[in-house]
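First up is the structure itself, then whatever we jot down about it.
Just so you know, all these numbers are worked out from the coordinates, no wet-lab data involved. Note that the structure is a prediction, hence the values are computed from the model and not measured. Note that each Cβ is placed from the backbone with ideal geometry, even for glycine, and that neighbours are counted across all protein chains shown.
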């Protein structure tokens with residue numbers, strides 16, 4: 001086990017300067033460093049304007065900053081061009097838009113592959129598509145808390161049109177190996193849609209090198225602001241999609257009988273986007289890049305090893321997913337037998353510890369695990385061993401109150 005732990009980045013986050021505040025809920029939403037807030041405030045204070053105007057200085061600078069931000073996002077995920085970056089409200093918005101656009105080309109009897117571990121955002125919209133189009137959804141099983149690539153490979157056939165993948169489960173924490181799945185999907189002329197919400201801030205992703213067709217993530221999962229997300233798509237695939245949202249900014253010509261779409265990606269961004277939030281997201285990405293994924297992954301591996309070891313020592317804990325720290329990333333879901341999750345979370349909250357409880361927007365998975373929810377801790381770049389020590393001390397107190 002590596003005995004090093006994260007460098008202390010708490011000073012970069014004003015919110016973490018509060019007393020009695022231990023944040024272990026980054027899988028729900030990461031905190032934003034001060035530089036992100038500053039970048040957004042500079043837009044509002046110094047040069048606020050709308051897009052698509054390029055005459056007066058503020059508008060010129062706004063357009064410039066917006067396009068620069070898109071280029072930063074594109075470079076971060078390895079996209080070939082900034083035009084492959086579509087701004088959305090969040091991942092849910094991106095998946096919904098994409099699914100409805102892709103459904104135009106689906107026919108009765110076509111197949112979509114999901115897993116039993118999907119977040120509701122990567123489940124419900126495909127259910128609606130299946131209902132409307134007569135499409136069949138096939139589910140990959142979960143074995144011993146792990147979603148395995150081999151199980152995807154057995155389900156992909158010539159009838160498969162879409163394989164919608166969750167990169168890291170927001171309940172089990174397991175990282176899915178994509179390479180063979182993507183290769184077989186493409187051999188069968190199927191498209192790959194990647195939900196990278198839980199992976200985007202923790203491991204490097206190169207959509208070009210990995211040959212990913214579409215990908216979504218939310219800004220607030222990447223130390224950026226809420227209200228902004230990204231839908232990536234290969235340019236040649238975007239050319240074949242018809243926007244399902246219409247309005248200002250996405251047309252080049254309009255009359256009372258017809259309209260003409262403008263260029264990609266603007267045709268998929270009807271209305272004024274979250275300009276300040278896009279600028280903030282780009283600044284968050286630069287912040288993460290300065291730290292580097294090598295450092296982030298090594299530090300989080302050490303934290304995970306320590307957390308799994310300490311949870312394993314407490315025999316009153318049931319962990320969901322693999323108990324081998326090498327097979328999981330960023331989060332751990334667990335229960336204490338006989339104690340409701342909300343009671344656990346309340347005592348932790350009284351000690352200033354922030355955790356997530358409930359189904360984690362994956363109710364079918366909870367039922368598959370035969371539980372009514374769980375407690376979840378999750379890490380960010382600001383998480384330290386000291387945070388975990390505070391958490392474990394409070395967890396022991398929970399056990400003493402209810403079980404001794």
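Determine the percent antiparallel among the DSSP beta bridges restricted to the chain, to the nearest 5.
60
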Taking the chain as a Gaussian network, where each spring joins two C-alpha atoms under 10 Å apart, which residue of 376, 267, 253 fluctuates the most? 253
Ranked by Cβ crowding within 10 angstrom, fewest neighbours first, how are 334, 379 ordered? 334, 379
Listed residues 174, 92, 263, most fluctuating in the chain (Gaussian network, C-alpha, under 10 Å): 263
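Looking at the stretch 133-226, send over the antiparallel percent of its DSSP beta bridges, to the nearest 5.
Here the antiparallel bridges make up roughly 20 percent for the stretch 133-226.
Can you pull the percent of Cα pairs in the stretch 255-370 with separation above 21 Å?
Working: 4203 of 6670 pairs.
So the pairs more than 21 Å apart make up 63 percent of the total in the stretch 255-370.
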Given the stretch 311-395, what whole percent of its Cα pairs are spread farther than 23 Å? 17
Unit Cα scatterers, Debye sum, the stretch 95-166: log10 I(q)/I(0) for q = 0.13, 0.21, 0.28 Å⁻¹: -0.35, -0.87, -1.36
Computed log₁₀ I(q)/I(0) - Debye formula, equal Cα scatterers, no solvent, the stretch 335-385, q 0.17, 0.27, 0.31 Å⁻¹: -0.58, -1.05, -1.17
Starting from the Cα of residue 261, step 7 Å toward the Cβ, then list every residue of the stretch 83-106 with an amide N under 17 Å from that point. 83-88, 94-106
Could you give the C-alpha radius of gyration of the stretch 20-95 expressed as a fraction of 2.2 N^0.38 Å, taking N as the number of residues it contains? 1.36
Alpha carbon centre of the stretch 239-278 versus the stretch 119-170: separation in Å? 30
Along its principal axes, what span do the Cα atoms of the stretch 39-166 show, with the longest given first and each in whole Å? 56, 33, 26
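Work out, step by step, the length gained on full extension between residue 105 and residue 235: first 0.36 nm times the residue separation, then minus their alpha carbon distance; give nm to one decimal. If you can, show how the numbers build up before the last one.
On the way: separation 130, 0.36 × 130 = 46.80 nm, distance 1.72 nm.
Length difference between fully extended and current span is 45.1 nm.
Would you mind ranking 221, 329 so that the residue whose beta carbon has the fewest other beta carbons within 10 Å leads the list?
329, 221
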Given the rule -39500 (n - 2.57) for each run of at least 4 DSSP H residues, summed and divided by the residues of the chain, what is its mean residue ellipticity at 222 nm, to the nearest 500 deg cm²/dmol? -11000 deg cm²/dmol
Cα-based convex hull volume of the stretch 159-260 per residue, rounded to whole Å³: 148
C-alpha long axis of helix 293-313 to longest principal axis of the chain, angle in °: 40
What is the order of 297, 215, 40, fewest Cβ neighbours within 10 Å to most? 297, 40, 215
